[in-house]
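Notes to accompany the following structure.
The values are calculated or read from the model by the stated rules, or taken from the named source; none is laboratory data. Keep in mind the model is a prediction, meaning the values are calculated, not measured. Neighbour counts are summed over all protein chains in view; Cβ atoms, including those assigned to glycine, are modelled from backbone coordinates with ideal geometry. Accessible surface areas use protein heavy atoms only, side chains included; no ligands, DNA or RNA. Shrake-Rupley method; radii C 1.70, N 1.55, O 1.52, S 1.80 Å.
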Amino acid sequence: MKFRKLALQGGQPALQAACPPWPPCFPGISAAVNQALADDTWGHYHPPAIGELVQRMRDWLGVEHVWPCSSGTIAVELALRGCGVRAADEVILAGYDFPGNFRAIEALGARPVLVDVVAGGWTIDASRITDAISSQTSALLVSHLHGELLDMPVIAAQCREANIALVEDACQVPGATVGGRQAGTHGDAGVFSFGGSKLLTAGRGGAVVTDRDDVLQRIRIAADRGNDAYPLSALQAAALVPQFDHLDELNRHRWSNARRISESLRESTVFRALRIGECATDSNAHSFPVFYKFPLLLAESIDRQAVVTALQAEGMAADAGFRGFALRAPRRCRVAGSLEQSRIAANRTVLVHHPLLLGDDTLISEAINALEKVSQWAERPVT
């Protein structure tokens, strides 16, 4: 086999076409922001743009209440407070997850309880949840990660049976559907992020959604410091509203390219890509995955940092996955069973950032070429 020289070794980078820009440059965003500037509502405490965002999310998700806030991280904390989590309570989450979720539990004085993720994946293993519940458990916090969707009907039924609250983190997957419902709407509260790299972006920001009046009331109380302590601004809200018109189209484009990359790696001995089903193209399908980060799981013997560095040199926006929580000290959390799969996810995940998935056929072909080059190089024996 002829090995192609890596960019790191002086070869030509595989990616020559430019990734589409992110955040997006839709004309509607500029028009909405300019309107808020022109009518002087941009500096109001309760601007109409916030009301427009709230109504748009209510209609989109089919929920009763939307609470915009300053970040997805704060949204997780407010959701837990809204669900009644208190100091000394336990909150279950996956051993591999966004680090802010662990810290949000600690911010309440509650204790994280770690449950392993599914084998070869990135989301909590639903079959292990029930055994992790104790008399101190008050909530379960679950995240859809890297395009891998949780079985929310099953998880919601487990929480109802155990009489614990369910917070669904949909920060990475706005527009995904699970069991025919929008991600973020299956629990007592759902959480969204509008960070600068997110699929709906305002630079910063987030939101909690819920159908429960009592959850909303607790959120109001937690956020009240004489005024709203964690606000989303008028300009952020104005920038967000037009993006909902494009979300489904962009998500379908990302899905199509993610599937193409996944198929190209079917025989790879270096990368294992998330498998993506055919049915997701059907608008009536029960579930549809969304990609903020496209995940690759490396073979055990592969040097992840070397692979990430090589991919970056080829022009791909790629990074290591989350560090996970398997190494957290026992004084900070309780571990329910083995965290073997969480360790694998933490040590062997590589994430490709979503703007690449918005590219045209040429860019995706170049990305596949980059993955093939790096794969050939990574599996060569060291001499």
### Query
Just the accessible area per residue of region 186-245, please: how many Å² with a 1.4 Å probe?
38 Å²
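For the full complex of protein chains and a 1.4 angstrom probe, list 373, 198 by accessible area with the highest value first.
The residues order as 198, 373, largest area first.
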### region 1-113: C-alpha pair distances exceeding 19 Å, %
70 percent
### Query
Among rounded, prolate and oblate, which fits region 1-56 when a ≥ b ≥ c are the square roots of the eigenvalues of its C-alpha gyration tensor, a/c under 1.5 means rounded, and a/b larger than b/c means prolate?
prolate
## Note on the structure
Longest the chain segment clear of chymotrypsin sites (Phe, Trp or Tyr not before Pro) sitting in DSSP loops (not H, G, I, E or B) with at most 14 other Cβ atoms within 10 Å runs 46-383
#### Entry: Relative contact order (%) - criterion: Cα under 8 Å, at least six apart; region: the chain
25 percent
### Message
Order 249, 300, 314, 106 by their accessible area, 1.4 angstrom probe, all chains in place, largest first.
### Response
300, 249, 106, 314
### Task
Could you work out the Rg to Rh ratio of region 92-229, with Rh taken as the Kirkwood radius (inverse of the mean 1/r over all Cα pairs)?
0.95
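Suppose a student asked you for the relative contact order of region 249-383, using Cα pairs under 8 Å spaced at least 6 residues apart; what percent would you report?
32 percent
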### Task
Using a 1.4 Å probe over the heavy atoms of the protein chains, calculate the carbon and sulfur portion of the accessible area of the chain as a whole percent.
50 percent
### Message
Quick test of the membrane-span-like rule: which DSSP H helices of the chain reach at least 27 Å along their long axis (C-alpha atoms) with mean Kyte hydropathy at least -1.0?
### Response
none
## Note on the structure
Among 197, 173, 153, the residue whose Cα sits farthest towards the positive end of the charge dipole of region 147-225 (+1 at Cβ of Lys and Arg, -1 at Cβ of Asp and Glu, taken about the Cα centre) is 197
### Task
Taking only Cα atoms and a 10 Å spring cutoff, compute GNM fluctuations for the chain and point out the largest among 188, 59, 39.
39
## Note on the structure
Across 12, 55, 236, the residue with the highest GNM fluctuation in the chain (Cα network, 10 Å cutoff) is 12
### Summary
Long-range share for region 322-367, i.e. C-alpha pairs more than 17 Å apart as a percent of all pairs, stands at 54 percent
### Message
For a test of the definition: using alpha carbon positions, the gyration tensor, and the 1.5 limit on a/c, classify region 89-173 as rounded, prolate or oblate.
### Response
oblate
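Have a look at the DSSP beta bridges in the chain and tell me what percent are antiparallel, nearest 5.
60 percent
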### Task
Please say if region 296-359 is rounded, prolate or oblate, where rounded means a/c under 1.5 for a ≥ b ≥ c the square roots of the C-alpha gyration tensor eigenvalues, and otherwise the choice is prolate for a/b larger than b/c and oblate otherwise?
prolate
#### Entry: Relative contact order of region 99-186, pairs being alpha-carbon contacts under 8 Å that are 6 or more residues apart, as %
23 percent
### Query
Tally Lys/Arg at +1 and Asp/Glu at -1 over every other residue whose Cβ is under 14 Å from the Cβ of residue 121; what's the total?
0
### Summary
dims of region 155-286, Cα set, principal axes, largest to smallest, nearest Å -> 58, 42, 32
### Radius of gyration and maximum dimension Dmax of region 57-118, Cα, Å
13.1, 37
## Note on the structure
In the chain, taking the dipole from +1 charges on Lys and Arg beta carbons and -1 charges on Asp and Glu beta carbons about the Cα centre, the listed residue (82, 54, 305) farthest towards the positive end is 305
### Message
Suppose we take every Cα in the chain and form the convex hull; what volume per residue is that in Å³?
### Response
143 Å³
### Query
In the Gaussian network model of the chain, springs joining C-alpha atoms below 10 Å, which of 369, 227, 251 carries the largest mean-square fluctuation?
227
### Query
Using the Cα atoms as the points, what is the convex hull volume per residue of region 114-154 in Å³?
76 Å³
### Task
Kindly provide the pair-distance distribution of region 181-249 built from C-alpha pairs, with 5 Å bins from 0 and whole-percent values in order of increasing distance.
3, 15, 20, 23, 22, 13, 3, 1, 0
### DSSP bridge orientation in region 148-297 - percent antiparallel, rounded to nearest 5
75 percent
